[in-house]
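Scroll down for the structure; my scribbles are underneath it.
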Amino acid sequence: MLVGDMSLAPPSTAAALVIGNELLSGKVDDKNLGVLARGLRGAGVALTRVVMVADVVELIAAEIRALSASHDWLFTSGGVGPTHDDVTIEAAALAFGVRAVINPELAAMIRAHYMDRCTDGHLRMALVPEGAVLESTPELRWPTVRIGNTWLLPGIPEVFRMKLPVVLARIGGQPAFVSLAVYTNMDEGVLKPLLDRVVFAFADVQVGSYPKWSDPAYRTKLTFDGRDAARVAAARDAFVATLPAGEPQRIE
């Protein structure tokens, strides 16, 4: 059996706090969570909890306090705009026991962007929790607000995607997660004992099973994930070796 490095330190953990009445009411579909999860896995960070909450300062503050204390990183999505329902900054300030204040550097950037069209509403977007850091890179000067281990990201998907590389540049450095897949025409009831053997033998590899009801190309997709590429490949190959003739349909 191919044996990889079993001495990798546990990955950093992360939580996501997704904020917005529009999400909870079904008026808008969240488009940021999958992007965040994939980005974090590439940085070697495990996203272990996701919470969705309404635009209520006290509720958001309570979740920020709990999630930032129980995870290495917390990412919020939404509620950083200029309107009445954008209350994430005030909530983060409340969670960390500080004031929400206008950041002069951010206010200057907003004034320079809007010039004579700049309003008090625009300047509300310069609010940050007191003591927060403005994170940026040479490629993306428009900053992302971070207080402690908590990143306050916008909910607009295009802007969220634009800012995410700034985050990943700061928190990366651990071995990335590797994901391999096997596609079969077998159902999960038949696959279970085969999977159980791999799960037992490769405790350091996450094994997933995902059935498909209407795809003529395959019936079940099996995934093998971990940060040690050799162990992940060994787990996948050990599973493939147990399949009957004619399987699998595809290996990735």
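Arg111 falls short of the stated requirement of being over 27 Å from Ala46 (Cα atoms), touching a Ser or Thr at 6+ places or on another chain (Cβ under 9 Å), basic (Lys, Arg) and assigned by TED's automatic domain parsing to the domain that holds Asn32.
With the requirement that a residue be surrounded by fewer than 17 Cβ atoms within 10 Å (Cβ to Cβ), closer than 19 Å to Ala61 by Cβ and of a type in the set (A, V, I, L, M, F, W, C), what does segment 101-137 give you? Residue satisfying the conditions is Val101 alone.
Just so you know, in segment 239-252 the residues that are of a type outside the set (S, T, N, Q) and assigned to a loop (DSSP other than H, G, I, E, B) include one that is surrounded by the most Cβ atoms within 10 Å (Cβ to Cβ), and it is Pro248. Please enumerate the residues belonging to segment 155-212 that are in a loop (DSSP other than H, G, I, E, B), within 18 Å of Ala16 (Cβ to Cβ) and out of contact with any strand residue (DSSP E or B) (no Cβ under 7 Å at 6 or more places or on another chain). Selection gives Ile156, Gly172. Inspection of segment 143-150 identifies no residue that is modelled with pLDDT under 95, surrounded by fewer than 20 Cβ atoms within 10 Å (Cβ to Cβ) and either assigned to a helix (DSSP H, G or I) or of a type in the set (A, V, I, L, M, F, W, C) (or both). Residues to consider are Val198, Val190, Val159, Val207; find the one that is surrounded by fewer than 14 Cβ atoms within 10 Å (Cβ to Cβ) and among the hydrophobic types (A, V, I, L, M, F, W, C). It is Val190. The residue that is nearest to Val80 (Cα to Cα), counting only those in segment 121-135 that are at pLDDT 95 or above and small (Gly, Ala, Ser), is Ala132. The criterion of at least 1 residues that are of a type in the set (S, T, N, Q) and within 23 Å of Ala132 (Cβ to Cβ) is met by the following helices (runs of 4 or more DSSP H) wholly inside segment 18-117: 57-70, 88-96. Residue count for segment 213-238 satisfying the condition of being touching a Phe, Trp or Tyr at 6+ places or on another chain (Cβ under 6 Å), under 15 Å from Arg250 (Cα atoms) and either part of a helix (DSSP H, G or I) or among the basic types (Lys, Arg) (or both): 2. Candidates are the residues of segment 210-238 that are more than 27 Å from Ser12 (Cβ to Cβ) and basic (Lys, Arg); the one that is surrounded by the most Cβ atoms within 10 Å (Cβ to Cβ) is Lys221.
The values are calculated or read from the model by the stated rules, or taken from the named source; none is laboratory data. These numbers come from a predicted model, not from an experiment. Backbone-built Cβ (ideal geometry, glycine too); neighbour counts: all protein chains shown.
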